[in-house]
Amino acid sequence: MTKFFVRAILCLALAAPVLGAAQQPGASEVPDKADVLKFLDLMHAKTQMAQALDGMTKQIRLGAEQGFREKVPDATPEQLAKVDHLFDGLFKSFPLEEMEEAVVPVYQKHLTKGDLAAIITFYSSPAGQKVLNEMPAIMSESMQVGGEIGRKMFSAKSQEFDQKLAELVEASKKQ
């Protein structure tokens with residue numbers, strides 16, 4: 001589940017603004033690396049990725065604490081601190097620059113110079129700037145509500161799985 005959230009957040013952080021792009025550019029229409037990097041800089045891609053990773057770490061930590069409390073209902077503060085410690089710096093060493101470099105060819109594959117110029121124009125506008133300024137709060141709040149839904153679903157599925165497993169064990173004992 002953790003890998004899923006990481007991939008989902010990174011995809012959203014880097015690709016959400018251009019999800020509608022449908023054409024592949026021809027060789028003469030491929031945006032320069034500098035244009036893509038300008039776009040990523042304008043989008044505050046590194047900052048958004050870092051914030052997304054931080055928010056994800058918090059949500060994973062909450063889920064781990066909840067899971068630990070379910071397994072150890074009388075957990076001590078020291079035990080809970082150890083669970084928290086497992087998540088300290090979980091994504092701190094994530095190679096943001098390497099990720100940025102790696103996505104340049106993806107943008108070059110899917111966007112033309114014209115596409116990128118139009119997108120840059122929008123995000124340079126007041127409305128585009130508002131989207132950029134509000135995006136961290138939108139992502140954070142989305143992570144909170146999504147994390148809660150994920151925890152509830154995981155808890156319910158975990159209980160369902162445990163029940164079915166217990167039934168299988170009981171049925172195998174009867175045979």
Notebook entry, point to check: Would a scan of the stretch 20-41 turn up a residue that is closer than 18 Å to P136 by Cα, surrounded by 13 or more Cβ atoms within 10 Å (Cβ to Cβ) and at pLDDT 90 or above?
Noted result: yes
Note to self: I want to confirm something. Restricting to the stretch 93-141 and keeping residues that are of a type in the set (D, E) and surrounded by 12 or more Cβ atoms within 10 Å (Cβ to Cβ), which single residue is farthest from M56 (Cα to Cα)?
What the structure shows: D115
Check: If you check A102 against the conditions, is it within 18 Å of the chain's Cα centre (by Cα) and of a type in the set (G, A, S)?
Finding: yes
Check: Any residue at all in the stretch 63-71 that is of a type outside the set (A, V, I, L, M), surrounded by 15 or more Cβ atoms within 10 Å (Cβ to Cβ), under 17 Å from the mean Cα position of the chain (by Cα) and modelled with pLDDT of 75 or more?
Finding: yes
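The values are calculated or read from the model by the stated rules, or taken from the named source; none is laboratory data. Just so you know, these numbers come straight off a predicted model, no measurement behind them. Backbone-built Cβ (ideal geometry, glycine too); neighbour counts: all protein chains shown.
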